[in-house]
Amino acid sequence: VKSEEIVGSFLQRIEEVEPKVDAFLYVNKEESLKRAREIDEKKRSGGMLSGIPVGIKDNISVRGMQNTCASKFMEGYIAPYDATVVTRLKEDGAIILGKLNMDEFAMGSSTEHSAYKITRNPHDLDRVPGGSSGGSAAAVSALEVPLSLGTDTGGSVRQPAAFCGIPGLKPTYGNISRYGVTAFGSTLDQVGTFAGDVRDLALLTTSISGHDEMDMTTNKREKADLFTGLNKDIRGKKIAIAKDFLGEGLNEDARKNLMDMIEVLKDLGAEIDFIDLKLTDYSLAAYYIISSAEASSNLARFDGIRYGKRAEDAADLLDLYKKSRSEGFGAEVKRRIMLGTYVLSAGYYDAYYSKALKVRKLIQEEYKEIFRSYDAIISPTTPTPAFKIGDNTEDIMAMYLNDIYTVPVNIAGIPAVSIPSGKVNGLPLGLQIMGNHFDEQGILNIAYAVE
Ligand code: GLN
């Protein structure tokens, strides 16, 4: 098949469903077709993703395209360079089809916090696709693009993957370069991947991963080939289920679904044990302190001078900062900046921020201990299936509680994948499989076996 035909058919699909789904903030039509023709005519070399379209979350820079982070602050900004993950995709022959909607600066769990539009869940247009990478998940789920990238600071790849009924992976902290990715919480952020099935997910992740000289937080490891060993037997694998993940707030059908999955895994020869992860209750609190503290510092660069929006009629420099930030940021972003600044301020630093760091250390130890005896931990990805648009926008805590099973993974820095697993009233549910540091291969093996 010619790449031009592949790209053409996805562009046509975008034209058909985009009016309903609203996943894209920008579609790169002409340039994509041109690149496809170049690949077909062998003017451009292709690798393992030769001629395959990929969608990119709008906080990952693609040269010549907008990078708004779904914020009014960055309206009209055009990225002058490629993020390393984009360079790698291009080297492998991928065609960057466009930029995808998200919660502003990746803060949120529903994509309702985008300053531009609300993306809808392709399984039910009255419901959210999840977030913050909601556009990336919805676009793949609606077959508008076969592969996409998102970012995951506390669940923003796995939660929308679960809500949209597709697989999504958050790799080990440091396995994927963040050069060219707009920072939110630097000790938690990872680029993650979406695809239609686990094989494609493994291919896409292999393409973008590995050490990068431009990002000193990347691990000095060879790029792992996640594709070749996918179909390994999972007989004898030791899998843990944390009782603390099955408490209050978990939807009854989701609980039943998890119990069914236990039987499937046992049939495949895995051993299952119930274990304790006692610090689970503290992870959400630690997450919102640490991520907001880091966000308040990372977002200081949006000052009205260097990037994006500059307020008019400012009296002096301080007023320019104030006005630009007041006008440019949405309510959720302001909330995080205020919370983050507060927990870092003199007098509160010890009470909140440094305590949260201690809690993080303890949570990391707890996971380390479990992985001494187990190959993986499984849980539901989210307590409930996708909620209705508007249902959680007033109740911030209800929104934050959505991340209860995904946040500990970022705190521990470990990899986790969400795969579709069962349905409630026609809405998809996700199964989360967590692994030890650098064991993407192990969790993808299990995902592939039960998919
Ligand atoms: N929903 C979480 C938050 O709002 C996670 C976001 C993310 O992973 N980027 O912070």
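Name the residue that is surrounded by the most Cβ atoms within 10 Å (Cβ to Cβ), counting only residues in segment 158-194 that are more than 21 Å from L49 (Cα to Cα), touching a Ser or Thr at 6+ places or on another chain (Cβ under 6 Å) and among the hydrophobic types (A, V, I, L, M, F, W, C).
A161
Can you find, within segment 20-56, the residue that is farthest from T205 (Cα to Cα) among those that are open to solvent by 80 Å² or more (accessible area, probe 1.4 Å) and within 24 Å of the chain's Cα centre (by Cα)?
Top of the filtered list is K20.
Out of A386, A412, which single residue is within 15 Å of the ligand (Cβ to nearest atom) and touching a Gly at 6+ places or on another chain (Cβ under 7 Å)?
A386
Kindly provide the set of residues from segment 195-221 that are surrounded by 24 or more Cβ atoms within 10 Å (Cβ to Cβ) and of a type outside the set (A, V, I, L, M), ordered by number.
If the condition is that a residue be surrounded by 24 or more Cβ atoms within 10 Å (Cβ to Cβ) and of a type outside the set (A, V, I, L, M), then T205, S207, S209 are the ones that fit.
Could you tell me whether any residue of segment 359-369 is surrounded by fewer than 18 Cβ atoms within 10 Å (Cβ to Cβ), in a helix (DSSP H, G or I) and at pLDDT below 95?
Scanning segment 359-369, I find no residue that is surrounded by fewer than 18 Cβ atoms within 10 Å (Cβ to Cβ), in a helix (DSSP H, G or I) and at pLDDT below 95, so the answer is no.
Can you tell me which residue among K388, K322 is under 21 Å from R127 (Cβ atoms) and basic (K, R)?
The conditions single out K388.
Which residues, counting only those in segment 154-190, are part of a loop (DSSP other than H, G, I, E, B), closer than 18 Å to P428 by Cβ and either of a type in the set (A, V, I, L, M, F, W, C) or within 13 Å of the ligand (Cβ to nearest atom) (or both)?
G155, S156, V157, I166
Across segment 302-334, which residue is farthest from Y287 (Cα to Cα) among those that are charged (D, E, K, R) and without any contact (Cβ under 8 Å) to a residue 12 or more places away in the chain?
Filtering segment 302-334 for residues that are charged (D, E, K, R) and without any contact (Cβ under 8 Å) to a residue 12 or more places away in the chain, the one farthest from Y287 (Cα to Cα) comes out as D313.
Name the residue, out of L401, L431, that is within 14 Å of the ligand (Cβ to nearest atom), closer than 17 Å to F163 by Cα, touching a Leu at 6+ places or on another chain (Cβ under 8 Å) and in contact (Cβ under 8 Å) with a residue 12 or more places away in the chain. Give the derivation first.
Values: L431 fails: within 14 Å of the ligand (Cβ to nearest atom).
Being within 14 Å of the ligand (Cβ to nearest atom), closer than 17 Å to F163 by Cα, touching a Leu at 6+ places or on another chain (Cβ under 8 Å) and in contact (Cβ under 8 Å) with a residue 12 or more places away in the chain holds for just one of L401, L431, which is L401.
Please determine, by comparing only the residues of segment 288-302 that are open to solvent by 10 Å² or more (accessible area, probe 1.4 Å) and of a type outside the set (A, V, I, L, M, F, W, C), which one is farthest from the ligand (Cβ to nearest atom).
This residue is R301.
Any idea which of T151, T193 is within 16 Å of the ligand (Cβ to nearest atom), touching a helix residue (DSSP H, G or I) at 6+ places or on another chain (Cβ under 9 Å), within 27 Å of I337 (Cβ to Cβ) and assigned to a strand (DSSP E or B)?
On the way: T193 fails: within 27 Å of I337 (Cβ to Cβ).
Testing whether each residue is within 16 Å of the ligand (Cβ to nearest atom), touching a helix residue (DSSP H, G or I) at 6+ places or on another chain (Cβ under 9 Å), within 27 Å of I337 (Cβ to Cβ) and assigned to a strand (DSSP E or B) leaves just T151.
Can you find even one residue in segment 243-253 that is open to solvent by 10 Å² or more (accessible area, probe 1.4 Å) and at pLDDT 95 or above?
no
Evaluate the following for K99: is it closer than 19 Å to G150 by Cα and not aliphatic (A, V, I, L, M)?
Details: closer than 19 Å to G150 by Cα: yes; not aliphatic (A, V, I, L, M): yes.
When the stated conditions are applied, K99 passes them.
Which residue is surrounded by the fewest Cβ atoms within 10 Å (Cβ to Cβ), if the candidates are limited to segment 96-131 and must be β-branched (V, I, T) and within 14 Å of the ligand (Cβ to nearest atom)?
V128
Which residue out of A83, A137 is open to solvent by less than 10 Å² (accessible area, probe 1.4 Å), farther than 30 Å from S324 by Cβ and not β-branched (V, I, T)? Walk me through it before giving the result.
Working: A83 fails: farther than 30 Å from S324 by Cβ.
One residue alone meets the criteria, A137.
Within the bounds of segment 335-355, is there any residue that is touching a helix residue (DSSP H, G or I) at 6+ places or on another chain (Cβ under 7 Å), in contact (Cβ under 8 Å) with a residue 60 or more places away in the chain, farther than 25 Å from L277 by Cβ and in a helix (DSSP H, G or I)?
yes
The values are calculated or read from the model by the stated rules, or taken from the named source; none is laboratory data. Here the structure is a predicted model, which is why all the values come from computation and not from measurement. Quick reminder, even Gly has a Cβ in these numbers, built from the backbone with ideal geometry, and neighbours come from all protein chains shown. The accessibility values were calculated without ligands, DNA or RNA, using every heavy atom of the protein model including side chains. Shrake-Rupley method; radii C 1.70, N 1.55, O 1.52, S 1.80 Å.
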